[in-house]
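Right, one structure below, let's go through it.
The values are calculated or read from the model by the stated rules, or taken from the named source; none is laboratory data. Owing to the predicted nature of the structure, the values given are computational and were not obtained by experimental measurement. Quick reminder, even Gly has a Cβ in these numbers, built from the backbone with ideal geometry, and neighbours come from all protein chains shown. For accessibility, only protein heavy atoms count, side chains too; no ligands or nucleic acids. Shrake-Rupley method; radii C 1.70, N 1.55, O 1.52, S 1.80 Å.
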Amino acid sequence: DAVTIDCGYQMDTVFKFCNVKAREGVPFKLIPSRGNASKSYRQSRVVGRPGTGYHVTQFSGRGNVLVHNADHWRMQTQKMFLLPIGAPGSLAIYGKDHPKQRELADHICAERLVEYYKGATQDMYSWVMPPGRRNDLLDALVGAVVACHYMGARPAGIPQEVAKRAPRRRKRTSVTKI
């Protein structure tokens, strides 16, 4: 239903591509996206309804961007692999191409969460990635997980946002006196 493209590099090219393809009528939503570390993630200029650790914002002169807290979603994505296969919110790697699976697994495990502090206003994460390791495929997977959440999927442990309803008004009935 949706494809995210990281616009952290070559931003103008990504926006131009997304706009051209949207006009061509691709059968899915193309969304420029951007992950920010938790210490620099802020929900500002929110377009629509924000979600848990993500929101859509307007980049002036370019268009809408799906921005997410990369630290939070990296942790959530790695936790999804710890759930039993087939459990709600679980994530598994299928197929028989073992070299490609190994490469994906290496990228997913490249970064390790060494410290996590749940704060009153903001959570703090400390990730370590040994020299020489790559995490490009982890970043792509995190972007896909955020897109799934944005489109309505709910990983385990993430509460579904409850839509607030406007209070119901009582209908006025006219009373006639006899």
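Structure values in brief
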read-out	value
Candidates Ile5, Ile31 - the one that is over 22 Å from Tyr125 (Cα atoms), open to solvent by less than 30 Å² (accessible area, probe 1.4 Å) and modelled with pLDDT of 90 or more	Ile31
Condition met for Leu66 (on the phi < 0 side of the Ramachandran plot, at pLDDT 90 or above and part of a strand (DSSP E or B))	yes
Failed item, numbered, when Gly89 is tested on (1) among the small types (Gly, Ala, Ser); (2) in contact with a Pro (Cβ under 7 Å, 6 or more places away or on another chain); (3) without any contact (Cβ under 8 Å) to a residue 60 or more places away in the chain	(3)
Residue list for the stretch 36-63, filter: assigned to a loop (DSSP other than H, G, I, E, B), under 21 Å from Leu141 (Cα atoms) and open to solvent by 20 Å² or more (accessible area, probe 1.4 Å)	Ala37, Tyr41, Thr52
Residue selected from the stretch 121-138 under the condition part of a loop (DSSP other than H, G, I, E, B) and in contact with a His (Cβ under 9 Å, 6 or more places away or on another chain), by the criterion surrounded by the most Cβ atoms within 10 Å (Cβ to Cβ)	Asn135
Any hit, the stretch 76-85, residues being out of contact with any strand residue (DSSP E or B) (no Cβ under 7 Å at 6 or more places or on another chain) and within 20 Å of Asp1 (Cα to Cα)	yes
Filtered residues of the stretch 109-120 (kept if within 17 Å of Ala37 (Cα to Cα) and either open to solvent by less than 50 Å² (accessible area, probe 1.4 Å) or of a type outside the set (Phe, Trp, Tyr) (or both))	Ala110, Glu111, Arg112, Leu113, Val114, Glu115, Lys118, Gly119
